[in-house]
Amino acid sequence: MLTVEEYLQKVLSLGAQLPAQKLPIAAGIGGILAEDLTARFPVPPFDNSAMDGFAVRAADIATAGNDDTDPCAGGSAPSSNQTVVLKVVGDIPAGAQQVPSIGAGECARIMTGAPLPPGSDSVVPVELTDHTAGKNEVPQTVTIYDSVTHGKHVRRKAENCAVGEKVLPAGLLWTPAAASSAASLGYAEVSLIPRPRVAVLATGSELVAPGQPLGFGQIPDSNSILVTELCKQFGAEVIMAEAVSDDPKLFSSALCRAAEADIVVTTGGVSAGAYEVVRQVTEGEVQFTKVAMQPGKPQACGTIQAADSRKIPLLGLPGNPVSAYISAWLFVRPLIELCAGRKTDLELEEVVVEVGWRGAKKRRQYIPVIVENKWVRPAHRLGSGSHLVASLALSNAIAIIPAEVAEISPGETVQIFRTDRFS
């Protein structure tokens, strides 16, 4: 019987990081950035306004206002009679290609993000003027109620980053925010390690699609959705998910279709029964073994050959849902992360036992638990078991109990990994 660590090494030896691909920035969400991204131009590329208002020369309005009231912060226009009237010589919306020059006693109406006109050095928010915000008509003059300091409400060229500055490092998880940043830096395509493509095959002639009437001896197929959604949570793209009967011909046909993926994951058919279809079809390519863990002792791993001669890793998980769930976290997750170019280690925490339970004696126990404020209790009143499906939905972590521990008592400290914080 292999230890969990020994079997995990066998699993990881089957995979390798996928080659990077040049992809449109919006097409690779969930992948890993394979190159450093530097700014191709200054960000922002020009001095621009941070407010809707008027572009001015600060010196021209230095005498305006004499108190600290700021209408932009929820106050009202200053009561002082000290105001300044400027001539409005232009209107500058965001995206303007031509802008007027600003001379002494002049200003231009300007919108947020619009380029700052030559001669101006500051922006007066529209709330500090007699102009009505949102009004389309441009006034000939505007009254300024209060002064602003030189450079106020101006976003300077290259303020965010300069040309050639590294902004997004290789190894970054590619998210919508990262894609947006890349666009701001001047990129339409980037080099990404794509999400691994996974095919999921749940085996068993007893399986019926969820919601369908059950005949005698039949059960709903819960493993397909369980493993599919876990693989997505682990960062994979699931390209196929099917329930397949224990007919070797039907399973072989499904396996051929599944070989288009980067990883194949099966559930059921790996134990010692008479109708273990995964074993019947793949024996010789896939190794069937026992792992010293509870639940999830029967496991299988190996490779199958795709039509293009690629060797595709195959992981065979037990058919019991809790066994499949634990096995997916321990073995499918790190293989997906290896192929995706991500770290494969679980982050462990120590928590205090609130309600005790029994260990698995000669095997390491992995039990679904509920963690609240550093206290832990079993998610199911019966403790651990591969048949206790409700424990999965109630749990937010998995507790790890060493093989030599027979009883877990209140007040003891145990290690857990969270299952509700994964991304």
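Bear in mind that the values in this text are calculations on the coordinates, not laboratory data. Note that the structure is predicted; figures quoted are calculated from it, not measured. Backbone-built Cβ (ideal geometry, glycine too); neighbour counts: all protein chains shown.
What's the FRET efficiency of residue 208 with residue 188 using the Cβ-Cβ distance as r and R₀ = 41 Å, to the nearest 0.05?
Values: r = 47 Å, r/R0 = 1.15.
Using R0 = 41 Å, I get an efficiency of 0.30.
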Checklist entry - Please state the Cα pair-distance histogram of segment 270-423 with 5 angstrom bins from zero: what percent is in each bin? => result 2, 9, 16, 19, 19, 14, 10, 6, 3, 1, 0, 0
Item to check | Counting all C-alpha pairs of the chain, share separated by more than 37 Å (%) | outcome: 48 percent
Checklist entry - Hey, got the dipole for the chain? About the Cα centre, +1 on K and R Cβ, -1 on D and E Cβ, debye to the nearest 20? => result 1200 debye
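Kirkwood-based Rg over Rh for segment 103-259 (C-alpha set), two decimals?
Details: Rg = 30.5 Å, Rh = 22.5 Å.
In segment 103-259, Rg relative to Rh is 1.35.
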Next on the checklist: Which one, 319, 191, 177, is farthest towards the positive end of the dipole of the chain when Lys and Arg carry +1 and Asp and Glu -1 on their Cβ?
Outcome noted: 319
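Of 357, 375, how do they rank once you tally other Cβ atoms within 10 Å and put the fewest first?
On the way: 357 20, 375 14.
Ordered from fewest to most neighbouring Cβ atoms within 10 Å, 357, 375 come out as 375, 357.
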Checklist entry - For the peptides 207-217, 285-295, what is the packing order when you average, over each peptide's residues, the other Cβ atoms within 10 Å and list the highest mean first? => result 285-295, 207-217
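What FRET efficiency do you get for residue 249 and residue 406 if R0 is 51 Å and r is their Cβ-Cβ distance, rounded to the nearest 0.05?
Working: r = 46 Å, r/R0 = 0.90.
Working from the Cβ atoms, E equals 0.65.
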Checklist outcome for this item: In whole Å, largest first, the alpha carbons of segment 48-155 cover along the principal axes 38, 26, 26
Next on the checklist: If I stretch the segment between residue 421 and residue 97 completely, what's the gain in nm (0.36 nm per residue apart, minus their alpha carbon distance), one decimal?
Outcome noted: 111.9 nm
Checklist entry - Which three semi-axes in whole Å describe the equivalent ellipsoid of segment 348-418, each the square root of 5 times a Cα gyration tensor eigenvalue, listed largest first? => result 15, 15, 10
Checklist entry - Among 37, 128, what is the fewest-to-most ranking by other Cβ atoms within 10 Å? => result 37, 128
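When a footprinting reagent is the concern and you count Cβ atoms within 10 Å, what order do 191, 252, 49 take, fewest first? Could you put the intermediate results ahead of the total?
Values: 191 18, 252 14, 49 26.
So the residues, fewest neighbours to most, are 252, 191, 49.
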Checklist outcome for this item: Helix-only [θ] at 222 nm, the chain, -39500 (n - 2.57) per DSSP H run of 4+, per residue, nearest 500, equals -4500 deg cm²/dmol
Next on the checklist: Modelling each spin label as a point 7 Å along the Cα-to-Cβ direction, I'd like the residue 375/residue 283 distance in nm, to one decimal.
Outcome noted: 5.1 nm
